[in-house]
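What follows is a single structure, written as structure tokens, with notes after it.
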Amino acid sequence: MTVTTEVAPAPRRSSRRGASFRDAGPPVALIVIFGVFAALSPQFRSFGNVQNIVDSAAVLAVVTCGITFVLMMGSIDLSAAGVMGASALTVSLLVANNRNGNDFGFFGILAAVLLGCAFGCLSGLALVLLKVPSFMATLGVSAVGLGVATLMFAGVQPNISDAALKGWAVERFLGFSYLTWIAVACILLGWLIQRYTRLGRYAYAIGGAEEVLTLSGVQVRPYKVAVFALAGAFYGLGGVMVTSQLGAGLVQAGNGYDFSAITAAVVGGTLLTGGRGGVLHSAVGVLLVMVLTNGLVQVGVSPYWQGGVEGVIVVAAVAAAVIPQRRRNQVVK
Amino acid sequence: MNALEVRGLVKHYPGVKALDGVDLVVRPNEVLGLAGENGAGKSTLLKALVGLVSPDQGQIFVRGQAVKLRNVVDAANHGIGMVFQEQSLVPNLTAAENIVLGSEGAGVRRGIYRWNEMRRLAQEQLDKIGSPIDPLARTDTLTFAERQMVEIAKVLRIEQRSQHPPVIILDEPTSVLESKEIETLFAQIRRLREFASVVFVSHRLDEVLDVCDRVTVLRSGQSVGEVATAGAVPRELHRMMIGSTGSDDHYHENAATPVTADQPRLSVRGLSGKSFHDVDLDVAAGEILAIVGVHGSGREDVCRALFGAEPTTAGEIRMDGTKVDLPSTRAACAAGIGYVPAERKIEGMVGSMSVADNMTLAKQKPRLTGPFVAPKKQAALVDSWIKRLSIRTPRRDTAIGRLSGGNQQKVVLARWLIGGDVKLLLLDHPTRGLDIGARSEVYRLMRELASSGVATVLLADSLEEAIGMADRILVMNDGRVAAEVACPSGGKPSPLDLVKEMV
Amino acid sequence: MKKMAVIVSLSLTAAVLAGCSEQQAGGGSDTAAADGACDPSKVRLVGQVRNESNPYEASWLTGGDTFAKSVGLTQERLTYGGDSTKQQEQISQILAGDTKCLVMNVLPNGDSDTAPIVKGADQAGAFLVTQWNKPADLKPADYKTWLSHITYNGEESGQQIGDALAEKIGSGGIIALQGVLDTAAAKDRFKGLQASLAKNPDMKLLDQQAANFSRAEALTVTKTLLAKHGDKVKGIWAANDDMALGALEALQQAGKTGKVAVAGIDAVPDAVAAIQKGDMTATVSSDGAWQGGIGLAIGFCYATGKLKVADTPADDRAFFAKQFLITKDNAAEFAQPKTDPADFECGNVFNRKVGPLT
Amino acid sequence: MSTSAATAAAPVAVKERPRLSGFMPIIALVALIAALTVADPDFLTQRSLTAVSRTAAPLILLAAGATIVVLCGGIDLSIAALASLSTVFLALWIPNLGGLATLAVIGVATLIGALQGTAHVLLRIPSFIVTLGGMSILSAVALVVSGAGTVRVVDDSTVKWLDLYVAGYVPMSFMVAVLVVALIALLLKVTPLQSWVSATGYAESAARLAGTPVDLVKIGAFAVSGACAGLAAVMLVSRQFSGGPTMADNLLLPAVAAIVVGGTAITGGHGSVWRSLAGALVVTLLRVGLPIVGVPSAYEQILYGAIIVVAVALTLDKSKVSIIK
């Protein structure tokens, strides 16, 4: 912590702004794992497969982008599944579809994203007003979202016929689907928010030292709500993207994305305790998880084992990140 | 008109009257020293001045107007800002962000950061104190002293909030600085005086006399005197601080017993770890050994290593001649070693648990019958220790967090005593944050323990304390033992002798 | 360790405890009901499916509602979200209520879930019709109030769509998307595919993966398998239409719509539409609305005494219902599924039987 | 509490607060039963409550076990997957081991729990991650061992005792669950474990520096959690006559909800297994009660989400938790 002589500050300066050593782990792991699979399986290294990996990472990337902000604050968000379901149904009922005469196009998408935003708001309000831990608040909101989705579903699957929305999953630009480019845009947007907006910086700061913010006269509660709302908007967009992929609004559109997104963010180097990591870290984490899933199928690992291997790798990734920093008497929750 | 004036401030805490009618006057463009022992009420007074504590009685006037300060922001709007003792910076933000935190102004437009503007604003503040820190450096990569500069720069931002010259409060800013850094700080303070009023808080009299124009002395929640520093005598001030009663035998020296052991109780040879190297030390039964050194000298880590809480790379530790392995704190406990951590609130006690639970946490045996807790046995045991150490607590099952600092510390100490088998006590700043009465009691307890044959390693809060309590003093510097100074009753060294070795 | 000791001793104590009983006391089965002496207006109709959020099961519940309305009652709709434990919990809660004239039409989540449901209903004397999933050695004929088990011949349908694929592609590789592996439906259908593969040696099974009857999972799995096998994939065999539709989306995203033949089972409206459009090759009808109604209808007939268990032949207690292969030729007929109220009259409830369960 | 109260009144006020919050889970439980009864008067019958208690038994066990981990400041996300795996083991072993299979399964589950605890303690990985990974790994093992299918128990005589009714009214499984909760509570109360567990949860570093065997306590907590999951699996098998690789998976979130609804602080230290018992009953009532009284499935989920959040808001003793994340 402290320095005893005047020579010490000099070396500190050098590592000041650049990426620190510990941030390098996940990208290196990504390259190594990619290399291993590429060596093992010729199909894996084909361009078509790389395309497939990147395309199928799109939705998870957007969802993870959202969850990263919540994790940066040191909170947790399990509402992705419900919010995505609700937004998937919303968008599929508002754009051209087989259930009703609506054809709001882009505004339908916007409405779905805003709905996600509203659900996020709800989580945030439950956290700051009712003082319910985010774990439970978001779990509750997820159930509410699924309920709302089921209400809208009303027994008949809405299939979308909106060409533009369907095109997201089908049309390609530079070899990658529009969805991938949307995900890239989201990551960029997320990074900009994280780097250049008060919201993003405060989310980061809340994870670092919430009490200091309060002491400096910052009202943290509106920012907490806003962060959940932002995350909700990302989930909403995620739901829209799933709808575009499936061509229909499914209540289960977000199944499993909650834990996958947390896993991806953590593998990418975001700490669950908050204050470290970020959108770019998470993007790497998402790619890592997708490469792993895809690679295991390509090299012929039984589907039963895939979940297990992923579990081992998540634990290993985190272990590798924390072992160098182990201290005695360290608090690990 | 006075920049700031306090009249008859009173604040009660459960069991303690922290402020008992304090008066204080801060004039424009002066550096006012606020001196007092730990526990004299300085912290509470300062918290009241920045709106963190609402006083029970009394009034605060800013430039002649009575104000009620509701929170830090409110205080800042009135032009009062404080550099906190425990640093209040967000570690994972840049220095610039920390400086403007909460009042970004032009640095943020419609929620969007303008990093150049932000940097400029921060640089402006840093320039005021002439600091060369890069505003865009992440705060946790800065040194402690640099961070303190950032804090001062941050407080100076309140100038932008009020049209008047600010009042800057520095709470014990020097406690962990080295002499060189202290000099820089003092230069800053003198510079601040040009456009602001400064309240400088310290319990080191030499510093107070050095940098301040005037000194107000607090003792047990009251202002006991005001002295102009020009021509003031430290001894006189010191007498005011500790009061006439405690000055003679504050450290209970007449209770000290001469050490008469042929074999050391604790013998350490060549102990090395991450922040200390090749440390040799011996402590005899009944001896109090103080280790002194500046922040970063490695003495805290040596202490923790002796308790198995810090890994060592080399060296051996012997207790009563037998080699002991200390891979964990548990092993240390089993070897008869006790440890009182410096961070009482975080590491010393479990705030939400009861006095009884805290007291019996380390040594379970005395309250057990077989493997089971015997409630009656525990009650009798805890009550007897509450009485013996005169711990002021409503009940034994009151949460320890509700007690005053001194009583908390006594419970933490009692934790090691109830087993009756402690051979070596490691005391890391045992009197930090205690009022004078409580300190005296802790000293008395240490003497008692020493005379009953417990060996003690003391990391004292101040040099005076080390000199007052210790039989022998080790001076550590840069992770190594620099000198050993004998410190027998009647032949105490002066603080200056020690400081020479420390730097 | 101590805890286990206690549990073991407890289990021993439990064994000797005279007060122990297999059934809970109070209320319980009323033998009068088994004779079918219920007032038609006192019958309680319960329909239970996995969830309301897929079209097939939603139409099931709607079918149940329609039947209930036709006899002047309402159906209690229960959904358990594909959660076996929750299904059992709901059933035991329902059975803890008034079971005298209770009629349940249940879709067990998996084979293993059928036994506890049957056992509970039997003890409580509730009329039960189960559909789709049951282990082979559990037979309604052995029980008094487990009236019937209805299912479609999965082996047959699996083979039918397999053959349809073979006919369409001639020769080449196909991939198979399996359903929830722990269900009779998934196992039988895959068995049917294997039979079809044996019959059509030119068709090769390149790969098979479970996509759990889910559209989204089928999309991901298909994309990966397409990347793995590329143009060798000529056809996709899916154990239900939801997965087939997911596979269609994957094909569309890979720009292969129409180039790869897809077949599914269930005849959900979207799939029938896809067949009419030519995107899909075949599906097999299973009529959700009929299933939702027929279970309640059978139960209702027995509860009100119009049918008697003693008079029912064993073949009616567990049977395959009629199903049709739907291809482009006959898709139009199935585009608007209609349920004939006459099907639910007590004399007609077994009309769709094509054969006893094998 | 009122600020005007004289200092003498302060200790009384201090004593009053925890007492009320201690009853909060029970109040929530009673309120919920009352609400369900209003919605459907037939709901409040002895048979119905008996069924609820039988239903709740495995959830009570899962929640009680994980509560110990939560009290130590961690979280165990693997309980449900471990219970599923245990049902598979039990179903596979009963034909060979008979009655011993129950003990063997609980033993193995305990070991697996302890193993995760050891990984958490030694590798210093947050428990959330260890058990999240554990969840995937255990599920994979369960799938492989069972061949991804249900394993039927043909001769269930050795686990049947759990499905009996004591005196015809109280389900044996519920009795056992309550007994286990009582046993855990007692064990904590009469031994130093209570203070070790709470100290670890409230302030780990302080506990460690007081010589508390923090690592062992944590490993023990995970082991208890595993044992409870194993026993819950035995109950499930006795109820379902089979074991399945995903049988208990859906009980994870309800179990965590039960812990939090009971008022145990998810940050550790404050709480008890009794609270989780009440919480598990609340959650069970919500799971089965809402559809039974006729709430349509869509509204059921919405109500479930809303009630859980409100229940947590009511039962959580905010004075014990400083920063809520």
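Key figures for this structure:
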quantity	calculated
All positions within region C:282-315 that are surrounded by 19 or more Cβ atoms within 10 Å (Cβ to Cβ) and either in a loop (DSSP other than H, G, I, E, B) or among the charged types (D, E, K, R) (or both)	C:286, C:287, C:304, C:307
Enumeration of residues in region C:215-256 that are among the polar types (S, T, N, Q) and either farther than 22 Å from residue A:53 by Cβ or crowded, with 24+ Cβ neighbours inside 10 Å (or both)	C:222, C:240, C:253
Cβ-Cβ under 7 Å pairs, at least 6 apart or on other chains, region B:180-200 side more than 21 Å from residue B:162 (Cα to Cα), far side surrounded by fewer than 23 Cβ atoms within 10 Å (Cβ to Cβ) and hydroxyl-bearing (Ser, Thr, Tyr)	B:182/B:174; B:185/B:174
First in region B:366-386 and in the same structural domain as residue B:415 (by TED's automatic domain parsing), second anywhere and of a type in the set (S, T, N, Q) and assigned to a helix (DSSP H, G or I), Cβ under 7 Å, 6 or more apart	B:367/B:378
Enumeration of residues in region A:14-58 that are part of a helix (DSSP H, G or I), surrounded by 13 or more Cβ atoms within 10 Å (Cβ to Cβ) and at pLDDT below 80	A:22, A:23, A:25
The listed residue being touching a Phe, Trp or Tyr at 6+ places or on another chain (Cβ under 6 Å) and more than 8 Å from chain D (Cβ to nearest Cβ), out of A:239, A:295, A:278	A:295
Filtered residues of region B:410-423 (kept if buried (at least 24 other Cβ atoms within 10 Å of the Cβ) and more than 13 Å from chain D (Cβ to nearest Cβ))	B:410
Qualifying position, being more than 29 Å from residue D:83 (Cα to Cα), in the same structural domain as residue C:351 (by TED's automatic domain parsing) and of a type in the set (Ser, Thr, Tyr), among C:99, C:114	C:99
Number of positions in region B:315-365 that are at the interface with chain D (Cβ under 7 Å from one of its Cβ atoms), in contact (Cβ under 8 Å) with a residue 60 or more places away in the chain and not in a helix (DSSP H, G or I)	3
Residue check for residue C:122: more than 9 Å from every other protein chain (Cβ to nearest Cβ), within 20 Å of residue D:300 (Cα to Cα) and charged (D, E, K, R)	no
Test: residue in region D:262-276 that is within 13 Å of residue D:36 (Cβ to Cβ) and either more than 11 Å from chain A (Cβ to nearest Cβ) or of a type in the set (Asp, Glu) (or both)	no
Some residue of region C:123-139 being among the small types (Gly, Ala, Ser), more than 14 Å from residue C:238 (Cβ to Cβ) and either buried (at least 24 other Cβ atoms within 10 Å of the Cβ) or in contact with a Pro (Cβ under 9 Å, 6 or more places away or on another chain) (or both)	yes
Candidate set from region A:251-275 (those that are outside any helix (DSSP H, G or I) and more than 10 Å from every other protein chain (Cβ to nearest Cβ)); member that is farthest from residue B:139 (Cα to Cα)	A:268
Answer residue from region D:161-178, given it is facing another protein chain (nearest Cβ under 7 Å) and of a type outside the set (Phe, Trp, Tyr) and is nearest to residue D:52 (Cα to Cα) among those	D:172
Leading residue by the ranking (surrounded by the fewest Cβ atoms within 10 Å (Cβ to Cβ)) among those in region C:189-206 that are part of a helix (DSSP H, G or I) and of a type outside the set (Gly, Ala, Ser)	C:199
Pairs, first within 21 Å of residue D:298 (Cβ to Cβ) in region A:129-151, second of a type in the set (D, E, K, R) and modelled with pLDDT of 90 or more, C-beta under 6 Å, six or more apart	A:138/A:77
Pairs, first within 14 Å of another protein chain (Cβ to nearest Cβ) in region A:180-206, second acidic (Asp, Glu) and in a helix (DSSP H, G or I), C-beta under 8 Å, six or more apart	A:180/A:55; A:201/B:97; A:205/B:97
Answer residue from region C:295-354, given it is acidic (Asp, Glu) and under 21 Å from the mean Cα position of the chain (by Cα) and is nearest to residue C:128 (Cα to Cα) among those	C:316
In region A:209-228, the residues that are more than 14 Å from the chain's Cα centre (by Cα) and buried (at least 24 other Cβ atoms within 10 Å of the Cβ)	A:224
Members of region B:405-454 found to be part of a loop (DSSP other than H, G, I, E, B) and more than 15 Å from the chain's Cα centre (by Cα), listed by number	B:418, B:419, B:420, B:421, B:422, B:423, B:452, B:453, B:454
From the options C:246, C:235, C:173, residue that is at pLDDT 90 or above, outside any helix (DSSP H, G or I) and under 24 Å from residue A:169 (Cα atoms)	C:235
Test for residue D:55: is it β-branched (Val, Ile, Thr) and either away from chain C (no Cβ under 11 Å) or under 14 Å from residue D:231 (Cβ atoms) (or both)	no
Listing of strands (runs of 3 or more DSSP E) fully contained in region B:1-107 that carry 3 or more residues being surrounded by fewer than 22 Cβ atoms within 10 Å (Cβ to Cβ)	B:4-13, B:16-26, B:57-62, B:65-67
Per-region count, region C:65-109, residues β-branched (Val, Ile, Thr), crowded, with 23+ Cβ neighbours inside 10 Å and away from chain D (no Cβ under 12 Å)	2
Residue within region D:29-51 that is of a type outside the set (Asp, Glu), in a loop (DSSP other than H, G, I, E, B) and over 15 Å from the mean Cα position of the chain (by Cα) present	yes
Sole residue being β-branched (Val, Ile, Thr) and more than 12 Å from chain A (Cβ to nearest Cβ), chosen from D:144, D:105, D:70	D:105
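To keep it simple, each residue is scored yes or no on (1) over 20 Å from residue A:271 (Cα atoms); (2) modelled with pLDDT under 95; (3) touching a helix residue (DSSP H, G or I) at 6+ places or on another chain (Cβ under 6 Å); (4) not acidic (Asp, Glu).
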position	(1), (2), (3), (4)
D:56	yes, yes, yes, yes
D:85	yes, no, yes, yes
D:98	yes, yes, no, yes
D:112	yes, no, yes, yes
D:115	yes, no, no, yes
D:143	yes, yes, yes, yes
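The values are calculated or read from the model by the stated rules, or taken from the named source; none is laboratory data. All figures in this text were calculated on a predicted structure; none of them were measured in a lab. Neighbour counts are summed over all protein chains in view; Cβ atoms, including those assigned to glycine, are modelled from backbone coordinates with ideal geometry.
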